Amino acid sequence: MRLTTFTDYGLRMLMRMAGAPEQSFSTAEFADEFGLSRNHLAKIAQHFSRAGLIQTRQGGGGGAILARPPEDIRLGDIIRSLEAGHPLVECLGADGGNCTLDGQCRLKGRLRVAEAAFLAELNQSTLADIAVSHPARRSVTGPDAR
């Protein structure tokens, strides 16, 4: 299974927020820390806000904080939310896709079971289990190291 970059970046944001749940974070801080587009991260923050995972405040001293304690947020639920609208394969989409094997395919049911097992396994862990308390520091090696 391959997760979208939207999910990847969203998980990074939540992992950092879980590492300092009392701290407010801005998308500009995340963009700088992760080397990612502020606009893209703002879309993810909007998604999290609508999903009830974060609370946001505008203006000076604003930013985003977790809406619930990290130990109350399940990983499978996060992924399910972020991957909504991105089915594992086309035929699992809401419209059923464009499959010529429809009605004869015995793979679709197995994929649904596998996806459910994947999310159930992730729901055994919480955001607190994968929290990152400080930004990763890149080490420089070679002739430019000081």
For region 31-51, the count of residues that are under 15 Å from residue 5 (Cβ atoms) and part of a loop (DSSP other than H, G, I, E, B) equals 3
Note on region 52-83: residues under 14 Å from residue 11 (Cα atoms), modelled with pLDDT under 95 and in a loop (DSSP other than H, G, I, E, B) are 83
Open item on the list: Condition first: aliphatic (A, V, I, L, M), under 16 Å from the mean Cα position of the chain (by Cα) and crowded, with 16+ Cβ neighbours inside 10 Å. Can you find one or more residues in region 68-76 that meet it?
Closed with: yes
Residue count, region 16-46, condition in contact (Cβ under 8 Å) with a residue 40 or more places away in the chain and either more than 13 Å from the chain's Cα centre (by Cα) or surrounded by fewer than 20 Cβ atoms within 10 Å (Cβ to Cβ) (or both), comes to 8
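The values are calculated or read from the model by the stated rules, or taken from the named source; none is laboratory data. All of these numbers come straight from a predicted model, not from anything done at the bench. All Cβ positions, glycine included, derive from the backbone under ideal geometry; neighbour counts span all protein chains shown.
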